[in-house]
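The values are calculated or read from the model by the stated rules, or taken from the named source; none is laboratory data. What you are looking at is a predicted structure, and each value in this text was computed from that prediction instead of being measured. FYI the Cβ positions are ideal-geometry reconstructions off the backbone, even for glycines, and counts take in every protein chain you see.
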Amino acid sequence: MTDALKTKTRTRSVEVEILAVLLVLLVVFRDTIAGLVEGERLQTWTTVFVSVLVQAVPFLVFGVILSAVIAVFVPRSFWARALPKHPALAVPAASVAGVVLPGCECGAVPIAGSLIRRGVTPAAALAFLLAAPAINPIVLVATAVAFPDNPEMVVARGLASLVVAVLMGWLWLRIGRAEWIKLPHRPDLDGASKGRAFWSACRHDVVHAGGFLVVGAAAAATINVIVPEAWLQTLAAQPVLSVLALAVLAVLLSICSEADAFVAASLSQFSLTSRLVFLVVGPMVDLKLISMQAGVFGRGFATRFAPATFVVAILVAVGFGAVLL
């Protein structure tokens, strides 16, 4: 190992340790830190910022570990056998695979990056990225608990999210370009033992995705503070505006998919269709997810993929809401 590589490895190790210590301190001393911050708005900002991290970090770690397993231990030939050879068929297959993975969008991003590195067609990996956070068993059970009087919300959320994932995968097949995805170069995985490569992949993804998660959490907390609650009451009375309002709110709040159903249930002044839009858009397009996509796939990808997903998610959710709700 060259001196430059050793220095880079030590630097990443220190970065991981610093990030881990900061996250632990934020969780352990959450109440103390909130009490030290003067002003109600600053306390709210601190609470929301830490809450987003507390919700997201466990699933981010789970996704990072699974991503490292895929990158190091799963041979490329496995994906050739597991998914249909035709890219158009691989997209729905990868989308349905999201059902068996309990995790949120924070974990799905690094997993999708590893799938592309292992030879999976980007369209299928992106379909998995969108489907996994929205249709996995934990999210669907949470939705059923949050809407005990509206079981149709679970069906509508699962089907709408699955359709959006498949449509976006097919859209990428149609107009997507390879140069729009710029995965970080990973020379540390080449020529190393499996154990060392696994640990290196974990450290890299924690720092890379975790840093963007912190940026997204800070942005979400800021939006929570500056958006007046009275605006929601006014918008709820307008059918079209209420749909757009909750779609934008889902992006701004950046709540993990395991918890967003309870937030949607609390917005009782809005229609079920509006709240379905909130539940479909949130796990696919939010501030922290856009930030993480920019970090893992490149800014050019995020600036194209996120807006397209946002529009498709709204249209599909409204359609399923009109039929099922």
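Just so you know, in segment 156-170 the residues that are over 8 Å from Ala127 (Cα atoms) and among the β-branched types (Val, Ile, Thr) include one that is surrounded by the most Cβ atoms within 10 Å (Cβ to Cβ), and it is Val164.
Rundown of residues vs (1) part of a helix (DSSP H, G or I); (2) in contact with a Ser or Thr (Cβ under 8 Å, 6 or more places away or on another chain); (3) modelled with pLDDT of 90 or more; (4) not basic (Lys, Arg), yes/no style:
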| position | (1), (2), (3), (4) |
| --- | --- |
| Phe278 | yes, no, yes, yes |
| Met284 | no, yes, yes, yes |
| Leu289 | yes, yes, no, yes |
| Gly295 | yes, no, no, yes |
| Gly300 | yes, no, no, yes |
| Pro307 | yes, no, yes, yes |
| Val323 | yes, no, yes, yes |
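Find all pairs meeting these conditions: Cβ atoms under 8 angstrom apart; at least six residues apart or on different chains; first residue within segment 38-54 and over 18 Å from Ser254 (Cα atoms); second residue among the β-branched types (Val, Ile, Thr) and assigned to a helix (DSSP H, G or I). Short answer, once both residue conditions are applied: Arg41/Val225. Considering segment 300-325, the residues that are of a type in the set (Val, Ile, Thr) and either over 20 Å from Phe128 (Cα atoms) or surrounded by 16 or more Cβ atoms within 10 Å (Cβ to Cβ) (or both) include one that is farthest from the chain's Cα centre (by Cα), namely Val323.
Please specify each residue of segment 257-276 satisfying the condition of being in a helix (DSSP H, G or I) and either under 16 Å from the mean Cα position of the chain (by Cα) or modelled with pLDDT under 90 (or both).
To start, the set of residues in segment 257-276 that are in a helix (DSSP H, G or I) comprises 260-266, 272-276.
Residues satisfying the conditions are Asp260, Ala261, Phe262, Val263, Ala264, Ala265, Ser266.
Taking (1) at pLDDT below 70; (2) in a helix (DSSP H, G or I) in turn, Arg174 satisfies each apart from (1). If Met153 satisfies every condition in (1) under 16 Å from the mean Cα position of the chain (by Cα); (2) more than 30 Å from Ala68 (Cβ to Cβ) but one, which is the exception? Only one criterion is unmet by Met153, namely (1).
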